[in-house]
Amino acid sequence: MAERQAAALGEAGPIPVPAYFAVGLVAGSVIALQITIMRIFAVGNWVHFGSLVVSLALLGFGLTSAVMCAGKDWFERNWRKVANGALLIYGPLTVAANLIAQQHPFNAIFLVSDPNQVWLLLANFLLYFLPFLAGALFIGAVLLRSRTAFARVYFADLVGSGLCGLSMLGAMYLLPPEDLIATPLLLWAAGALLWFLAQEKRTRALSALAISVALAFLGHFALPGAFGITKLATTDYKGVAYARKFPDAQRVYHEISPFGELELYSSSYLHFAPGLSDNAAFNLSEMPVNAYWGLYVDGEGPTGVMRTLPEAQTAYFRYLPMHYPYVLKKDADVFVVQFAGGISSVVALKSGARSVTVAEPNPAIRDAFLNHQEIRDFTGDLMHDPKLKVIGYDGRLYLARTSDRYDVVDLSLADSAGLSNPGGFAIVEKYAYAQEAIESYMRALKPGGILSVTLWNKEDPPKSVLRLYATLVEAARAVDPGNLGNSFYAVETYLSTTTVLYKRGGFAPDEIATLHDTTKGLSFDEVYYPGIGFDDSGSDALLTAYHDQIFGATPSPAAKTASDATQTQGADAADPTLDNTTDPSGAAGDDSSNDGTPQVLPAIALGRLAWHDLIFGGWSDLAKRYVFDIHPLTNDRPYFAAYEKPADLPNITDRLELFQDDWGYLLLWATLGVAAAVSLVLIALPVLLGWRAIFQRNPGKLGTIVYFACLGLGYIMVEVGLIAKFIEALGNATVSAAVLITGMLVFSGLGSFASERFLDRARRVMPLVFAGIGLLLIGYGRLIDPILDQIGTLPYGLRLLCSILLIAPPTFLMGFPMPTAMTSLGRLGKDHMFLWAWGINGCFSVIGAALVPIIATTFGLAAVLELAGLAYLLALPSFFAVLLPRSPRGVLEAPI
């Protein structure tokens, strides 16, 4: 009888094998819940709020640690009751929190104008915090019970989390976002069943579990239908919400996958014509009717899908900015960097292209256009056109390796609709626009070939377009510096689009004349061409006006443009674009008032100033003076976001209405502040409640704090930083997150399992482990880009495998430090320090999760990995403080 009780999950004896599987499944449920909530936010709100969701989960562990540390003796006596109770309420709490949150969603657009949104945001995060707290209580109770064999339970925790997180990829093919919550519920139910089966007195527990599981699943799948409760609320200001409300809207396609929820709507109200000249309506005898369907990915859009037009209406394409390169290039071999909705491919084919090669990395979009009959009929079976060849991965990676050369490379509105989205896309990586990618496009051109880039231009003051200009010029300076001044032609339409042409070898005078005539016919504004006249006498006033518009004594209304401020400076004297007499067509100076004085919008004037300084010098001074950060995009900093300069952040808190496009980024700073404050309180709480138990007879306290803080910061920085980096190869943030989380947790779990064999030799082995981790992470930060680019060209299954294997070396070693130290604390009898250290690790992970996107946008992703490597190196000398034995009874240690 005694042996059977020892083998069961009781108060003594080893934890049985089924209980380890239970821990892994429940930990996996927590990871799956994080991914589920990110998907819910991504589809229903503006962004996935990934750092906030991760912070919520980790705060659950931090709070658990604080409470358990303060009441260690009670939790030690009642650990099984705590574990059982937390496990029983986890599932119902998960469902209840989600359903209540979806009845009262927040809207990021109104965070400034509507004070109630702040409370709704807080309520949402508090609700979603509850199931994470329950999961943390269960895992914390088990860890407390098994502290002398921490490495094995930690192994089950990490490996289970990783493998179950990977299961979310499969679930995304089967379940729509509103029902994805079923996956963490199933994992929880399976883990709870194994946990209770491992107990001696299990009949009552299994009955309670059956009730809990029924409440959870019926609550999610039956309750909403019976009472009309929303399972996933989509904000009314998201693109797909508009489409659903059109009177004649019809959803013609719907597909779910890890690559997003794809929806395609038809409606006579959809008039998606990016950058279409107003002159089209005056010059065409017949405008296309119902020419577009709207494609939405996770509710974002629309991306226009163009109907095949009769030959009589093909003149319509000449009024789109994507037509520019075909004014000069007839019978061209064309490469389209991203298919998107197919508009650029259609324009190329209708403009007489000899061949069109188009890249589309999203397999869900490829499948829709290749295999769905209604889409094929609407588009004229575009993807099966004999002139069209489809590449199944990123165009930037294909062009970097192919020996083929093209007359035209087109990067038009590729994944760029969100650059001016009012939700504020804080940390969306745009590798297609990075300098390294632009250089590949330029080198893939034939002699005299043209790169055409069209970007949304909906901001005043301008931000994203200035980063685009800087990136293009830096790339051209690296590829062909000798022809820099003659290689570009740029036009803008105010608050619509901007188009830049780069010609390899430079434009000839007759080509510039042809482009002048085209621009005049479209009534677009020229911002740069070879030989453009420029007078910089008004530059100072222009920059001052933009600065005063943002940082003036009285905040300007959100809708107010720099035009008013510039005119108060004296438009005829201050405008740097008035001298355009060298323009042979007169197109650059035809915006005139009644008295003949040229009038140029400040945004256009700023564009011309930017091009002049980029080509002829002075850009660094302009970038310093300009009100926003306009550095070029690179693979290391691939963000059309974070325009606010850190030094200016204290000066914008009273005028947030002027920064709607970047609220997502500003929310990161708010998250960091809240995370740091809450984490420090949680770390201090056990000390305030039980400082004698923690500090007396426990030497090396400062070293212990530093050690576990470094581990918490280092691990989460590697995880979040690598997720962003691996989008280079995997092309999708959701897939990257699932693969990286899985790989890191599994290999770290294996490292945790292996660490127990070296515990007696920790003083000799761990310095080598820390050195290996630090050097590997610093090396990854500097050298991983070309490896990821190579992986990105492989078949997708092989990409997943190579990505997981690539992270194996550092993450296996990263599995050693935590269990080695925690097991040592447990075996040394430093029980309060054991719990407090676990909390310190979790709390600094919270801070690290919020810190990573700020470091990435400010200093780059390489800096994230390098700082993580330095954190592990810093932990090395502190490790020996953890191994100090407790002082003999009667000998008290100083507080530090």
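Quickly rank 476-482, 357-363 as a protection proxy: mean count of other C-beta atoms within 10 Å, highest first. Each step should come with its number before you reach the end.
Numbers: 476-482: 15.6, 357-363: 21.9.
For the peptides 476-482, 357-363, the packing ranking is 357-363, 476-482.
Taking every pair of distinct Cα atoms and averaging 1/r, then inverting, what Kirkwood hydrodynamic radius in Å comes out for segment 301-405? Could you put the intermediate results ahead of the total?
Values: mean 1/r = 0.0706 Å⁻¹.
14.2 Å is the Kirkwood radius here.
Obtain the nm distance between the two label points defined at Asp404 and Ala226 by a simple spin-label model: each point lies 7 Å from its Cα along the Cα-to-C-beta direction.
5.8
If R0 is 30 Å, what FRET efficiency do you get for Asp517 and His271 from their C-beta distance, rounded to 0.05?
The calculated FRET efficiency here is 0.65.
Sort the following peptides by mean Cβ neighbour count (other Cβ atoms within 10 Å, averaged over residues), highest first: 371-380, 857-866, 732-741.
Numbers: 371-380: 15.2, 857-866: 21.0, 732-741: 24.0.
Ranked from most to least packed, the peptides come out as 732-741, 857-866, 371-380.
Taking the Kirkwood radius as the inverse of the mean 1/r across Cα pairs, report the Rg/Rh of segment 354-504. Could the numbers behind the result be given before it?
On the way: Rg = 16.5 Å, Rh = 16.7 Å.
Here Rg/Rh amounts to 0.98.
Could I have the simple spin-label model distance between Asn116 and Leu794, label points 7 Å from Cα toward Cβ, reported in nm to one decimal?
Going from the Asn116 label point to the Leu794 one covers 5.3 nm.
Along the Cα-to-C-beta direction of Asp331, a point sits 7 Å from the Cα; which residues of segment 352-390 have their amide N less than 16 Å from that point?
Once the point is set 7 Å along Cα→Cβ of Asp331, 352-356 turn out to lie under 16 Å by backbone N, inside segment 352-390.
Quick check: residue separation of Glu374 and Phe880 times 0.36 nm, minus the Cα distance between them. What number comes out in nm?
Working: separation 506, 0.36 × 506 = 182.16 nm, distance 6.72 nm.
Separation in residues times 0.36 nm, less the Cα-Cα distance, equals 175.4 nm.
At q = 0.05, 0.07, 0.10 Å⁻¹, work out log10 I(q)/I(0) for the chain with the Debye formula, treating every Cα as an identical point scatterer and leaving solvent out; two decimals please.
These q points yield log10 I(q)/I(0) values of -0.31, -0.60, -1.13.
Would you calculate the volume per residue, in Å³, of the smallest convex hull containing every Cα atom of segment 432-494? Don't skip to the answer; put the middle values down first.
Details: hull volume 5.6 nm³, N = 63.
That works out to 88 Å³ per residue.
Please find the FRET efficiency linking Arg625 to Thr148, where r is the Cβ-Cβ separation and R0 is fixed at 60 Å, and quote it to the nearest 0.05. Provide the component values of the computation, followed by the final result.
Values: r = 62 Å, r/R0 = 1.03.
With R0 = 60 Å, the Cβ-Cβ based efficiency is 0.45.
Label-point separation (nm) for Phe859 and Ala214, each offset 7 Å from Cα along Cα-to-Cβ?
5.6
Compute the FRET efficiency between Ala771 and Ala676 as 1/(1 + (r/R0)^6), taking r as their Cβ-Cβ distance and R0 = 30 Å, and round to the nearest 0.05.
On the way: r = 29 Å, r/R0 = 0.98.
The value I calculate is 0.55.
From the C-alpha coordinates alone, can you work out the Kirkwood hydrodynamic radius of segment 695-827, in Å? Don't skip to the end; give the middle numbers.
Details: mean 1/r = 0.0629 Å⁻¹.
Computed over segment 695-827, the radius equals 15.9 Å.
Averaging sequence separations of C-alpha pairs under 8 Å and six or more residues apart, then dividing by the length of the chain, give the relative contact order as a whole percent. Display every interim value, and only then the final one.
Values: 1666 pairs, mean separation 132.5, N = 896.
For the chain, the relative contact order is 15 percent.
Calculate, in whole percent, how much of the Cα-Cα pair population of segment 83-154 lies beyond 21 Å.
On the way: 1143 of 2556 pairs.
Percent of Cα pairs beyond 21 Å in segment 83-154: 45.
If a/c stays under 1.5 just call it rounded; otherwise compare a/b with b/c (prolate if a/b is bigger, oblate if not). Do that for segment 474-545, with a ≥ b ≥ c from the square roots of the Cα gyration tensor eigenvalues. Numbers along the way, then the final one.
Values: a/c = 1.74, a/b = 1.19, b/c = 1.47.
Taking the square roots of the gyration eigenvalues as a ≥ b ≥ c, segment 474-545 is oblate.
Please compute the length gained on full extension between Lys201 and Ala241, using 0.36 nm multiplied by the number of residues separating them and subtracting their Cα-Cα distance.
Working: separation 40, 0.36 × 40 = 14.40 nm, distance 5.20 nm.
Extra length from Lys201 to Ala241 when fully extended: 9.2 nm.
Of the accessible area of the chain, with the probe set at 1.4 angstrom, what percent is carbon plus sulfur?
Values: 19730 of 32500 Å².
For the chain, the apolar C and S fraction of the accessible surface comes to 61 percent.
At a temperature of 20 °C and a viscosity of 1.002 mPa s, determine how fast segment 136-188 diffuses translationally according to Stokes-Einstein, using the Kirkwood radius over alpha-carbon pairs as Rh; express D in µm²/s, rounded to the nearest whole number.
Numbers: Rh = 12.6 Å.
Taking Rh from Cα pairs, D becomes 170 µm²/s.
Could you run the Debye sum over the Cα atoms of segment 49-99, one equal point scatterer each and no solvent, and tell me log10 of I(q)/I(0) at q = 0.15, 0.23, 0.30 Å⁻¹, two decimals?
Taken in order of the listed q values, log10 I(q)/I(0) reads -0.55, -0.99, -1.09.
Quick check on the chain: helices-only [θ] at 222 nm, where DSSP H runs of length 4 and up contribute -39,500 (n - 2.57) each and the sum goes over total residues. Nearest 500, please.
Working: 34 runs with 509 residues, N = 896.
Counting only the DSSP helices, I get -18500 deg cm²/dmol.
Ranked highest first by the average count of other Cβ atoms within 10 Å around their residues, in what order do 216-226, 385-395, 198-208 fall? Intermediate values should be presented prior to the final figure.
Values: 216-226: 15.4, 385-395: 17.7, 198-208: 13.6.
The packing order, highest mean first, is 385-395, 216-226, 198-208.
Compute the length gained on full extension between Leu495 and Leu649: take 0.36 nm times their separation in residues and subtract their Cα-Cα distance, giving the result in nm to one decimal.
Stretched fully, the Leu495-Leu649 segment lengthens by 52.9 nm.
State whether segment 167-227 is rounded, prolate or oblate according to the following rule on the C-alpha gyration tensor (a ≥ b ≥ c being the square roots of its eigenvalues): a/c under 1.5 gives rounded; otherwise a/b larger than b/c gives prolate, and the remaining case gives oblate. Intermediate results must be reported in sequence, preceding the final value.
Details: a/c = 5.75, a/b = 1.54, b/c = 3.73.
Oblate shape, in that a/c is at least 1.5 and b/c is the bigger or equal ratio.
Based on the inverse mean of 1/r over its pairs of different Cα atoms, what is the Kirkwood hydrodynamic radius of segment 193-234, in Å? Intermediate values should be presented prior to the final figure.
Values: mean 1/r = 0.0830 Å⁻¹.
This gives a value of 12.0 Å.
The values are calculated or read from the model by the stated rules, or taken from the named source; none is laboratory data. None of the values given here were measured: they were computed from a predicted structure. Reconstructed Cβ throughout: ideal geometry from the backbone, glycine too, with neighbour counts over all protein chains shown. Note: accessible area is taken over every heavy atom of the protein model, side chains too, but ligands, DNA and RNA are not part of it. Shrake-Rupley method; radii C 1.70, N 1.55, O 1.52, S 1.80 Å.
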